[in-house]
Amino acid sequence: MSEYNYNYHDDNFSLDEAERYNLLIQIDKATFSYAITDQDKLVACADMHPLDELTNPQELLDLLSAKYKQVVVGLPANGFTLVPQSLFSPDHMTDFARFLDVQSGEKVSAQSLDSNNTIIYKTDNAIINAAEEFGLRNSVFSSKGWITAIAQSNPADHDLYLNLNSTHVEIVTFKGGSLRFYNRFEFQNNDELTYFIALTVNELGLQPADVHVYINGDIDTGDKSISLLADFFGQVQLNQLQVVQVPAEIPAHQILSLAALSLCASSEAV
């Protein structure tokens, strides 16, 4: 996996112009990353800030307290389930939540994931409390933007898209432009990563030699996982999709999931 950390501020970036910017915040279990966009251009970003910096900012006080055009906060999920929109009703949230084995200290949220599916997911209360600093109406499922960005890129039926970090991988596929499969797997090494991808390919009835794998997230060009996956699947490469203009010094695949939250700027949680 990559050890790259990003921290970028455009030379023309100024909090005096915050009212024209969008602030994007993506929360993990104990840290968060942020990006600031000016229309379709990335003007600032940084990762690996401790979660308590959201509730009691010190280093980022000026940045987090500025008045932005819009704020989007991506919330992680301890567990989730997808429900067809035709079957979902907020009145039945408690019934659907039973599939998630909700524990003390977790809260359930629901949101439209695309035109056909609602995602119901649980998140730690500590993270919900941090998001409340920016208004829960501004919060979305963390990978909603990433899934939307891929859907808009005209994915082929044999394409697998991976959002990778050091502990888990998210896999999404489409068929005829509609979401076909989305899931997340915890893994500890490259062998397990390969296994879960192969399991997905088999479940979808695809031939490994026909599958194209596109990876974004915590990975570099020379990562061993790329060469290992290339032994099993037809094509494996980094996902160079950009939803905002990214400077050359920031690898686009590293921040795709974060930057894609810009596609949720007008979304609201259910």
Response to the item:
Least to most buried among D210, D231, by other C-beta atoms within 10 Å and fewest first, runs D231, D210
Discussion item. List the GluC sites (Glu not before Pro) within segment 27-121 that DSSP assigns to loop and that have no more than 14 neighbouring Cβ atoms inside 10 Å.
Written reply: E59
Practice prompt. List the residues whose amide H sits under 5 Å from the amide H of L113, counting only those 5 or more places along or on another chain, with H placed 1.01 Å from N in the peptide plane.
Written response: T118, I119
Worksheet item: How big is D, in µm² s⁻¹, for segment 138-178 by Stokes-Einstein at 37 °C and 0.692 mPa s if Rh is the Kirkwood radius over C-alpha pairs?
Response: 295
Worksheet item: Assigning unit charges at the beta carbon (Lys, Arg +1; Asp, Glu -1) and nothing else, what dipole magnitude in debye, to the nearest 20, does segment 137-218 show about its Cα centre?
Response: 460
Practice prompt. Count the net charge of all other residues whose Cβ sits under 13 Å from the Cβ of I215, scoring Lys and Arg as +1 and Asp and Glu as -1.
Written response: -4
Item to complete: Please list 133-145, 153-165 highest first by mean number of surrounding beta-carbon atoms within 10 Å per residue.
Response: 133-145, 153-165
Worksheet item: Of all GluC sites (Glu not before Pro) in segment 172-270, which ones are in loop regions per DSSP and have a Cβ with at most 14 other Cβ atoms within 10 Å?
Response: E249, E268
Practice prompt. Name the long-range amide H neighbours of V43: under 5 Å, sequence gap of 5 or more, or other chain; modelled H, no Pro or chain starts.
Written response: I36, T37, D38
Worksheet item: Taking segment 154-240 as the region of interest, what is the percent of Cα-Cα pairs per 5 angstrom bin, listed from the shortest bin to the one with the maximum distance?
Response: 3, 14, 29, 29, 17, 6, 1
Worksheet item: By counting other Cβ atoms within 10 Å of each Cβ, how are S112, S225, S104, S65 ranked from fewest to most?
Response: S104, S65, S112, S225
Response to the item:
Spelling it out for N239: with amide H atoms placed in the peptide plane at 1.01 Å from N, the residues 5 or more places away or on another chain with amide H under 5 Å from its amide H are I215, N216
Worksheet item: Which of Y121, Y182 comes first, and how do the rest follow, when ranked by fewest Cβ neighbours within 10 Å?
Response: Y182, Y121
Worksheet item: Mean residue ellipticity at 222 nm from the helices of the chain, using -39,500 (n - 2.57) per DSSP H segment of n ≥ 4 over the full residue count, to the nearest 500 deg cm²/dmol?
Response: -5000 deg cm²/dmol
Fill in: Cα pair count fraction exceeding 17 Å, expressed as % - segment 209-258
37
Item to complete: Could you grab the relative contact order for segment 117-247? Cα pairs under 8 Å, six or more apart, rounded to a whole percent.
Response: 19
Discussion item. I'd like the Karplus ³J(HN,Hα) series for segment 27-35: coefficients 6.51, -1.76, 1.60, θ = phi - 60°, whole numbers in Hz, and an x wherever there's a Gly or Pro.
Written reply: 9, 9, 5, 10, 9, 9, 10, 9, 9
Fill in: Relative contact order of segment 1-76, pairs being alpha-carbon contacts under 8 Å that are 6 or more residues apart, as %
38
Worksheet item: Relative contact order, percent, of the chain when contacts are C-alpha pairs under 8 Å separated by at least 6 residues?
Response: 20
Response to the item:
Projected area averaged over all directions for the convex hull of the alpha carbon atoms of the chain, nm², comes out at 14.2
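Just so you know, all these numbers are worked out from the coordinates, no wet-lab data involved. Small disclaimer: the values here were computed from a predicted structure and weren't measured. Every residue, glycine among them, receives a Cβ derived from its backbone with ideal geometry; neighbour counts consider all protein chains shown.
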